[in-house]
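Right, one structure below, let's go through it.
The values are calculated or read from the model by the stated rules, or taken from the named source; none is laboratory data. Computed from a predicted structure; not experimentally measured. Note: ideal-geometry Cβ built from the backbone for every residue, glycine included; neighbour counts use all protein chains shown.
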Amino acid sequence: MKKVLIISGKLYVGGAERVARDIGVFADREKFEIHYLVFGQDIGSYEADVEAAGCRVIHLDSPSMGYRRYYRALLRLIRTERYDVIHAHTMFSSGWAMLAGKLCGVPVRISHSHSIRGFEKRGFLKSMYEKTMRCVILAFATDLVACGRDAGEWLYGKAAFSKRGKLIYNGIELDSYAFDASARAKIREHLDLGDAFVVGHVGHLATVKNQSFLLDLMSPLLRVVPQAHLLLLGDGTDRPMLMEKIQTLGLQRQVTMTGNVSEVGTYMSAMDVFAFPSLYEGMPLALVEAQANGLPCCVSDRIPEDAKITDLVVSLPLEVEQWLAPLTQSRRDGTRRALEQLREMDFDVSGMLKKIYSLYERN
């Protein structure tokens, strides 16, 4: 049996966190004993899932609270538990795990990139930290994995990823996101949507996801489609700001915020078009899910090309007037064509996990 340490940072609801969760939930208990290392003492939504699957969750202070203290605690943990695999999903901070794993003789050390560089300005110290950590990762990781080519080139550098990188797409349980007409009727009745034209969005409520842009869209969209309604799935730190903006714009009756929900696929079936105006992304699972559901998807032009898997996706600049026509003219694909295309391209969770477990099983 292989003993695996997955370093996820947090186990909140999110794309990278969902991948980390699925590794433990679907793992063969006769082959793998899986532990999770998360930062801070907050209990994430996915912790109950992995613990129910027999995994152990360990909490440590994050590296940002003190790099030396974190590294020493990590060394103690690895030496005590004698892991066979370390799989880190924490971007540049993965360098600490790769170094500690090498010093402790862990044979398989996987760095996994899930994002790309944001558009915010980076200071000198931040830039130096990232450059140093990139060097450490390249020196001590046995495997350089990424959910998309852009994500791999950002964390590891273009040359290194081209030479050593492994591309493993974030997978989902495709069939659970297939369009369901009965679920559409049920959710619309539950949310009192009637015959509304529903613009849907799924994502952590945070600046990078740019839900504020969707609120800016609503007033001009309502002038064109009076029955338009915005359905926001997810929760996060921006929730108070968004609720205040809804009040300011007088959109209380035209916007529904559900918070985090289970069975996201059923809510997607209630949507007519999917809007995703992120400032940057790696390989967003929500966009993969929307395509599996047959939803037309209007996304920002900052989404990586390899996330636009089917012809359901239209890429747009972040200018309100540019989104109105694509949103109102989009029509749902009532077939399973996109879902089967995703399956063929290994976006099913089983294909993703097969590739990850094969890395774990190496001697």
Quiz item: For V224, are the conditions met, namely being touching a Leu at 6+ places or on another chain (Cβ under 8 Å), surrounded by fewer than 17 Cβ atoms within 10 Å (Cβ to Cβ) and closer than 21 Å to E319 by Cα?
Solution: yes
Quiz item: Taking segment 39-61 only, how many residues are of a type in the set (S, T, N, Q) and either under 20 Å from the mean Cα position of the chain (by Cα) or not assigned by TED's automatic domain parsing to the domain that holds T90 (or both)?
Solution: 1
Quiz prompt | Cross-chain or 6+ apart pairs with Cβ under 9 Å, segment 208-225 first and in the same structural domain as L318 (by TED's automatic domain parsing) and among the aromatic types (F, W, Y), then part of a loop (DSSP other than H, G, I, E, B) and crowded, with 17+ Cβ neighbours inside 10 Å | solution = F213/P277
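Residue by residue through segment 292-305, note down the ones that are in contact with a Phe, Trp or Tyr (Cβ under 8 Å, 6 or more places away or on another chain) and either at pLDDT 95 or above or surrounded by fewer than 19 Cβ atoms within 10 Å (Cβ to Cβ) (or both).
Within segment 292-305, A292, N293, G294, L295, P296, C297, C298, V299, S300, R302 meet the criteria.
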Quiz item: When you go through (1) surrounded by 15 or more Cβ atoms within 10 Å (Cβ to Cβ); (2) among the hydroxyl-bearing types (S, T, Y); (3) in contact (Cβ under 8 Å) with a residue 40 or more places away in the chain; (4) not in a helix (DSSP H, G or I) one by one for T335, which number turns out not to apply?
Solution: (1)
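Name the residue that is modelled with the highest pLDDT, counting only residues in segment 140-181 that are hydrophobic (A, V, I, L, M, F, W, C) and touching an Asp or Glu at 6+ places or on another chain (Cβ under 6 Å).
Taking segment 140-181 as the starting set, the residues that turn out to be hydrophobic (A, V, I, L, M, F, W, C) are 140-141, 144-147, 151, 154-155, 159-161, 167-168, 172, 174, 178-179, 181.
Those left that are additionally touching an Asp or Glu at 6+ places or on another chain (Cβ under 6 Å): 161, 172, 174.
Working: F161: 97, I172: 90, L174: 94.
Once the filter is applied, the top-ranked residue is F161.
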Quiz item: Of the residues in segment 307-363, how many are under 22 Å from F197 (Cα atoms), among the hydroxyl-bearing types (S, T, Y) and either modelled with pLDDT of 90 or more or in contact with a helix residue (DSSP H, G or I) (Cβ under 7 Å, 6 or more places away or on another chain) (or both)?
Solution: 2
Quiz item: Can you name the residue in segment 295-332 that is touching a residue at least 60 places away in the same chain (Cβ under 8 Å) and assigned to a loop (DSSP other than H, G, I, E, B) and, of all such residues, is farthest from L174 (Cα to Cα)?
Solution: L318
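Search segment 110-139 for residues being farther than 27 Å from Y360 by Cα and more than 25 Å from the chain's Cα centre (by Cα), and hand back the single one that is modelled with the highest pLDDT.
Start the filter on segment 110-139 by keeping residues that are farther than 27 Å from Y360 by Cα, which leaves 117-129, 131.
Within this subset, residues satisfying the condition of being more than 25 Å from the chain's Cα centre (by Cα) are 123-125, 128.
Numbers: G123: 80, F124: 84, L125: 86, M128: 93.
Here the answer is M128.
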Quiz item: Only one residue in L312, L232, L285 is surrounded by 15 or more Cβ atoms within 10 Å (Cβ to Cβ), under 23 Å from S176 (Cβ atoms) and in contact with a His (Cβ under 6 Å, 6 or more places away or on another chain). Which one?
Solution: L232
Quiz item: Can you name every residue in segment 235-256 that is out of contact with any helix residue (DSSP H, G or I) (no Cβ under 7 Å at 6 or more places or on another chain) and either at pLDDT 95 or above or within 18 Å of D192 (Cα to Cα) (or both)?
Solution: R239, P240, M241, M243, E244, Q247, T248, G250, R253, T256
Practice problem: Could you figure out which of (1) within 28 Å of K209 (Cα to Cα); (2) hydrophobic (A, V, I, L, M, F, W, C); (3) assigned to a strand (DSSP E or B) isn't true of I86? | Solution: (1)
Quiz item: Given the residues V145, V199, which is the only one that is under 20 Å from the mean Cα position of the chain (by Cα) and under 24 Å from M283 (Cα atoms)?
Solution: V145
Exercise. Select, from M241, M268, M345, the only residue that is buried (at least 19 other Cβ atoms within 10 Å of the Cβ) and under 24 Å from S115 (Cβ atoms).
Key: M268
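Which helices (runs of 4 or more DSSP H) does segment 1-82 wholly contain that include 2 or more residues that are out of contact with any Ser or Thr (no Cβ under 8 Å at 6 or more places or on another chain) and buried (at least 22 other Cβ atoms within 10 Å of the Cβ)? It would help to see each step written out before you state the result.
Working: elements: 15-25, 47-52, 67-81.
Helices (runs of 4 or more DSSP H) meeting the threshold: 15-25.
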